[in-house]
Structures are given as structure tokens and as C-alpha cells.
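The values are calculated or read from the model by the stated rules, or taken from the named source; none is laboratory data. Everything numeric here is computed off the predicted structure, so don't read it as measured data. Don't worry about glycine lacking a Cβ; one is built from the backbone with ideal geometry, like all the others, and counts go over all protein chains shown.
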Amino acid sequence: MPKLIDRTAVVLRPKHAFLDWLHGCPDPPDFITLESIQEDGANIYLIKEIVDLSKADAVLRKLAPRILEAELAAWYTNEDAWPEKLDYKTLKRLFEVRVESMVVDMVDRPIRREEL
């Protein structure tokens, strides 16, 4: 039986600015294109449930540094090459950000969680 989860999903898709940043890093992977990154799909972060989505920006402003750290580290671990500011403005510049209020679990077993 499907179950509604008390979380809000933040869906991130890289923009061209993300690819520009990646290609500006030392020894960038030159074979990566925006299309290839986007074909891998979007990354989804589950955050606390936001009933009133007009308040999502305020929540994302607080979480932007942690989200950016996870995204950037997945591609390039040398923090010296990361953008100077890891804030909401940078998140919006590098990624298309969508907020989805309905998260439904279609699997009938507990969710397994792992540290990143």
C-alpha cells in the first residue's frame, strides 16, 4: 500500500553554470557535457515537510550550504576549487531547483539510510 512520507523533495538539475564551474576546476573531465550530466537524472534531497510551499525559499536558504557541499564533493573534492560562497544564490545559479510537496513510498519495506 503506498504511503505518504512526511518530507518535501528538493529536486536539483545542473545548469550550464555548473558545467562551467566543473570545467574551470584543475584537471576537469573534458568528456562531460551538460546533456550527459542531465541524462544521469536529477538529485533529490528530502527535507522537512513544508506544508506551505511559499516558505520553501526560507528553508532552502538555510540548507543551501549543506546541499552544495554534497553536490560539489560528488564531482570535485578539492574545496579550494569550489565557489567562494556556498549560499542559496549560488545554489540557484548552478542548479535548477524544484520543490515537490508530495513524496509517496511505493515500497513495502523500511527505507535503508547511509551516510554520504
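Of the strands (runs of 3 or more DSSP E) lying entirely inside region 17-116, those containing at least 2 residues that are at pLDDT 90 or above and either surrounded by 15 or more Cβ atoms within 10 Å (Cβ to Cβ) or within 18 Å of the chain's Cα centre (by Cα) (or both) span 43-48, 95-100. Annotation note: of 15, 89, the sole residue that is basic (Lys, Arg) and touching a residue at least 40 places away in the same chain (Cβ under 8 Å) is 15. Among the residues of region 89-109, is any farther than 30 Å from residue 1 by Cα, out of contact with any strand residue (DSSP E or B) (no Cβ under 8 Å at 6 or more places or on another chain) and of a type in the set (Phe, Trp, Tyr)? Within region 89-109 (the criterion being farther than 30 Å from residue 1 by Cα, out of contact with any strand residue (DSSP E or B) (no Cβ under 8 Å at 6 or more places or on another chain) and of a type in the set (Phe, Trp, Tyr)), the answer is no, since none of the residues qualifies.
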